[in-house]
Amino acid sequence: MVNAKTRLYGLIGNPVEHSLSPIIHNALFKRYNINAVYLAFEVDDLDSAVKGIKALKISGLNITMPYKERILEFLDEFSEEAGAIGSVNTVVNRAGELIGYNTDAVGVLKALNHFTEVKDRRILILGAGGAGKAIAHALSRLAKVVVLNRTERKAKELEKFGLKGEKLSRESLEYYLSWADILINATSIGMNEDKSLIPKELLRKNMTVFDIIYSPLETRLLRDARKIGCLTVDGLWMLIYQGAESFRLWTGIEPDVGFMRKVALEALRDENQGI
Ligand code: NAP
């Protein structure tokens, strides 16, 4: 029951209306008997929103596009990892001090580890945007990583994590796809469209293919990969594991990811059916 002791958590970004996070986190609060609610806030003015977080003593937040990078300047502290990546997706309000974290990095590692070993593998990441950066940072500590990006400069900037960054082209794709044993799509290609950056004939059956997009759940890339027998991992796993890490930072509880995935799949099904 919502009462005078109910704590408030939320998401700030713009747009936020299709986010699954309120459904997932509210289901978790209920499951673990925590007196809290999670709301989505569509924010136009980040500066005022941050003042509001402190003034209203909001307990914790997720940050999404377009504020994951700009939020850093408003925080009292951030984790070493969030600072290195330059992006924050989770904020904890610790007695009035706002502390930032990047749980996308942990999320991707746990999502991959759910299916396969990551250590010492050869990983090709497509995309050096916000998500690509977090993924490259998390995986470069354990594995051999190459990043290909349409804008070469952004791929090269990631070399500070001790990995190789190159321009995305047919030649670089051919070369690194024959080298890699894990392929990760961290570009926006394939989101709500039947497109893939990878010509089907360049995929190999013994690869693990992870697409961080979850709408649709099976992207064209994952469909192509499944058809030739690759191990495929959908983007909902990353969403679940990054959300689980945010929940742990806010509450100290390691939530049940199987339960979170079930809730998220039901929400996606209802959305597709227009419920
Ligand atoms: P972003 O910062 O805008 O980066 C977009 C990336 O896509 C950049 O690398 C960009 O390359 C590349 N790109 C865009 N259009 C392209 C094209 N036509 N050809 C080749 N590359 C292209 O976005 P983001 O935050 O990293 O998110 C990327 C995707 O991941 C989105 O679809 C988002 O929904 C998804 N995502 C999923 C999760 C999850 O939990 N599952 C979490 C975060 C993000 P340039 O640098 O050349 O522009």
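The values are calculated or read from the model by the stated rules, or taken from the named source; none is laboratory data. Just so it is clear, the model here is predicted, and its values are computed rather than measured. Virtual Cβ from ideal backbone geometry, glycine too; neighbours counted across all protein chains shown. Note: accessible area is taken over every heavy atom of the protein model, side chains too, but ligands, DNA and RNA are not part of it. Shrake-Rupley method; radii C 1.70, N 1.55, O 1.52, S 1.80 Å.
Data overview
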quantity	calculated
Residue-normalised accessible area of the chain, expressed per residue, 1.4 Å probe, Å²	48
Neighbourhood charge, 14 Å Cβ-Cβ cut-off, centred on residue 167 and excluding it, Lys, Arg +1 and Asp, Glu -1	0
Cα gyration tensor, the chain - rounded (a/c under 1.5), prolate or oblate	prolate
Surface share of carbon and sulfur [accessible, 1.4 angstrom probe, percent] for segment 148-205	49
Additional length obtainable on full extension of the chain from residue 231 to residue 84, 0.36 nm per residue less Cα span	49.8 nm
Heavy atoms of residue 226 accessible to a 1.4 Å probe, total area in Å² rounded to 10	120
The chain: antiparallel DSSP beta bridges as a percent of all, rounded to 5	20
For peptides 25-38, 173-186, sequence by mean Cβ density within 10 Å, most packed first	173-186, 25-38
Given 119/167; 54/164; 5/110; 68/205; 30/227, the pairs whose alpha carbons are separated by over 30 Å	54/164; 5/110; 68/205; 30/227
Stretch gain in nm, segment residue 115-residue 65, where the contour uses 0.36 nm per residue and the Cα spacing is subtracted	15.2 nm
Sum of -39500 (n - 2.57) over DSSP H runs of 4+, divided by residues of the chain (222 nm, nearest 500)	-11500 deg cm²/dmol
For segment 106-233: rounded, prolate or oblate by the Cα gyration tensor [a/c cutoff 1.5]	rounded
In sequence order, calculated HN-Hα J values of segment 142-152 (Karplus, 6.51, -1.76, 1.60; Hz; x Gly/Pro)	10, 10, 8, 10, 10, 10, 10, 9, 3, 8, 4
Residue-wise HN-Hα coupling along segment 4-14, computed from phi with Karplus coefficients 6.51, -1.76, 1.60 (Hz; x: Gly, Pro)	5, 9, 5, 8, 10, 10, x, 10, 10, x, 6
Euclidean distance between Cα centres, segment 1-23 to segment 194-268, Å	23
